[in-house]
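Notes follow once the structure below has been shown.
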């Protein structure tokens, strides 16, 4: 779960990262411009800097006037909150909160463990307080904010929390779109008063 994965793996195995970047460049050059590059499990700004440098060298992203995909970071590692300004300075334009990994890391609860199943709850105070701080801080740093996971479509209070915090986008599975829209609309109506 917290082992050799994400951005760290890209820094240690750049040949694997090269393959992924080549695929993204191909898609971009085919005219599919609605993609972003999203780095998973970024623990530190050093990892981000190395990955960004590899992406610049490959031509996937650009520091110049040539448009390219936006650079995003998955916000699943708690350290993201404390690195937002550094990430923005390195060219990140947005974060996407992965609630499952974030909950596991904040609570030290492996969601796949039967012994810890009762401990895994994305509604836990530590998780919701983290989100209440992360989203406004990211926006203050000039970053767009998004979230993926089931919580906003399952728990009405989660949709309310996200709307209140000012999240830009909520991603849910296709089968949960209608329910999520209803919960978000209700939360927006409450805050519009």
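Just so you know, all these numbers are worked out from the coordinates, no wet-lab data involved. Note that the structure is predicted; figures quoted are calculated from it, not measured. FYI the Cβ positions are ideal-geometry reconstructions off the backbone, even for glycines, and counts take in every protein chain you see.
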Rg/Rg_globular for the chain, with Rg_globular taken as 2.2 N^0.38 Å and Rg from C-alpha atoms: 1.07
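What order do you get for 4, 120 when you list them from fewest to most C-beta neighbours inside 10 Å? Spell out each step's value before the answer.
On the way: 4 8, 120 18.
In order of increasing Cβ crowding within 10 Å: 4, 120.
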Quotient of Cα Rg and 2.2 N^0.38 Å for segment 56-160, N being how many residues it contains: 1.22
Nearest-ten-degree value, helix 14-29 long axis tilted from longest Cα axis of the chain: 80
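When 37, 154 are ordered from fewest to most other Cβ atoms inside 10 Å of their Cβ, what list results? Walk me through the intermediate numbers first.
Values: 37 21, 154 16.
Arranged by neighbour count, lowest to highest, 37, 154 become 154, 37.
For 160, 122, what's the fewest-to-most ordering of other Cβ within 10 Å of each Cβ?
Details: 160 18, 122 22.
Starting with the residue having the fewest Cβ neighbours, the order is 160, 122.
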Degrees, to the nearest 10: 45-58 long Cα axis against longest axis of the chain: 50
Candidates 30, 57, 150, ranked by Gaussian network fluctuation over the chain, Cα under 10 Å, top entry: 30
Cα-based helix-to-principal-axis angle, 177-192 vs the chain, degrees rounded to 10: 70
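Roughly how large, in nm² to one decimal, is the mean projection of the convex hull of the alpha-carbon atoms in segment 143-184? Working shown, then result.
Working: hull surface 10.3 nm².
The Cα convex hull of segment 143-184, projected and averaged over all directions, gives 2.6 nm².
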Cα centroid separation, segment 1-61 to segment 147-168 (Å): 28
Quotient of Cα Rg and 2.2 N^0.38 Å for segment 22-93, N being how many residues it contains: 1.10
Top of 180, 126, 23 by mean-square fluctuation, Gaussian network on the chain, Cα under 10 Å: 23
Residue with peak Gaussian network fluctuation, the chain [Cα springs, cutoff 10 Å], from 179, 132, 86: 179
